[in-house]
Structures are given as C-alpha cells and as structure tokens.
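Everything on this sheet refers to the single structure shown next.
The values are calculated or read from the model by the stated rules, or taken from the named source; none is laboratory data. This structure is a prediction, so every number in the text was calculated from the model and none was measured. As a convention, Cβ positions derive from the backbone with ideal geometry for all residues, glycine included, and neighbour counts pool all protein chains shown. What goes into the accessible areas is simple: the full protein's heavy atoms, side chains included, and nothing from ligands, DNA or RNA. Shrake-Rupley method; radii C 1.70, N 1.55, O 1.52, S 1.80 Å.
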Amino acid sequence: LMSTEVASHVARYRLSAADSKFTAQAFAEGLFSAFGHDPLIGIKEFEGEATFVPATFENASLELRINASSLSVIDKVKPKDRDELERTMRNHVLEVSKFPDIVFKSTNVTLGRIAEGRYRARVIGDLTLHGVTQNNLWISGEVVVTDGELRAKGEFPIRQTDYKIKPVSVAGGTLKVKNEVKCAFDIVARMSDMP
C-alpha cells in the first residue's frame, strides 16, 4: 500500500527534443586545415522522462534514449566536409546500423536547493553507447522547476575508447579527433499525466 501511495505522488516530466539543445563537442588534433576548429555535433532526436516526488525530489530518476542516426554536424563547414564527417560518424564511429540507440538510465539522483525553484543536480547512471554500457557516469548541472515545466542545464565528458570507439581521422587525414568528447545540454521537459 505504501509503495502505491508514494508512486501516485511521483511527477513525470517528458523530455522535449524540439525545445532542447543537446550537443557533443569533438576536439581536433593534428592538422585541421579542413575545418580550422573543433566539430560540434547536434543531438537532434531523443526521448525520455524525469520523475520525482515534488518538493522532496525523492524517488528521482532520469531515462534518456537517443536516436544515434540523428546526430549531425551543426558547425558551418563545407557541405563536402559535413557529408564526410557525418558519414564517418554514423558508419564507422557510432555504427548506427548495429547500435541504433544511445541509452542513459540513472542509478542515483541528488538535488540541492540553490534558490526558489532552482537546484544543483548530480545524476549518476549507466550509459550504453556503441553497444557498450559504462556504469557510474556522473552528470552535474542545474535544474529549474516552474509550473509544469523542468529545465536542466549542464555538461559531462565521455571518452570514446571507454565505449570501444576508435577516434577517427577524416578529410583525408587532416582532421583527427581526440578521445574525449564534451557533451552539453539545455533540456526542457514538460509534466505528463500519463503513467
């Protein structure tokens, strides 16, 4: 009875990809004459849900599923370079035909109040990328909760080799990508009535 009672008070927020910004910043090394800067990847299609008991943030959780083939270069680069980068990323780096989804599931969420409706958040969870699951990924950020809406901002690094991804070179070898990629997010979620 107790668990049902608690569950009924859990608020559910559905993530809205259309209203959010989610990027992965790769860093170039070696000669990068083809671009002159570090490629920025936009994460366009994702869905998920954040849940917690309002006011106390008990039973907080986060689940996120990204369509790997939706990742695209959002820098201003030559169309030919963009095509090559995206083709390499989808076919050789992420291997989207074999691993179509990137999934994150929280195992621990803690929030500390900064001000009315503003919280510092730490989310620890499991990230499955390229068919490999790494436990205890830490994501730090800030969460703002307003009437019926939640907004989370923050960033976290990932190392490609942790997910059996070999950092590649593109543009005839002129652009080599470093192992670490910095992910940044400004995600909007709206309260959902659905269980």
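Quick notes
- Using θ = phi - 60° in the Karplus curve 6.51 cos²θ - 1.76 cosθ + 1.60, the 3J(HN,Hα) couplings for region 122-134 round to 10, 10, 10, x, 9, 10, 9, 9, 6, x, 10, 9, 10 Hz; x is entered for Gly and Pro.
- Accessible area in square angstrom per residue, the chain, 1.4 angstrom probe: 57
- Rolling a 1.4 angstrom probe over the chain with all protein chains present gives an accessible area of which 51% lies on carbon and sulfur atoms.
- Sequence-distant contacts, meaning Cα pairs under 8 Å at least 6 residues apart, place the relative contact order of the chain at 26 percent.
- Long pairs among Lys21/Lys80; Lys105/Lys176; Lys105/Lys166, criterion Cα-Cα beyond 29 Å: Lys105/Lys176
- Peptides 81-90, 133-142 ordered by average Cβ neighbours within 10 Å, highest first: 81-90, 133-142
- Backbone N within region 97-114 under 12 Å of label point (7 Å from Lys182 Cα along the Cβ vector): none
- With 10 Å bins from 0: P(r) over region 64-173, alpha-carbon pairs, percent: 13, 34, 30, 18, 5, 0
- Average silhouette area of region 9-137, convex hull of alpha-carbon atoms, in square nanometres: 9.9
- Residues of type aspartates and glutamates that Lys98 reaches as a straight line, Cα spacing below 17 Å, ignoring anything fewer than 8 places off in the same chain: Glu86
- Working note: 222 nm ellipticity from helices only, DSSP H runs with n ≥ 4, each -39,500 (n - 2.57), summed and divided by the residues of the chain, gives -2500 deg cm²/dmol to the nearest 500.
- Between Lys80 and Asn59, the C-beta separation translates, for a Förster distance of 45 Å, into a calculated FRET efficiency of about 0.35.
- For region 49-114, the ratio of Cα radius of gyration to the globular rule of thumb 2.2 N^0.38 Å stands at 1.64.
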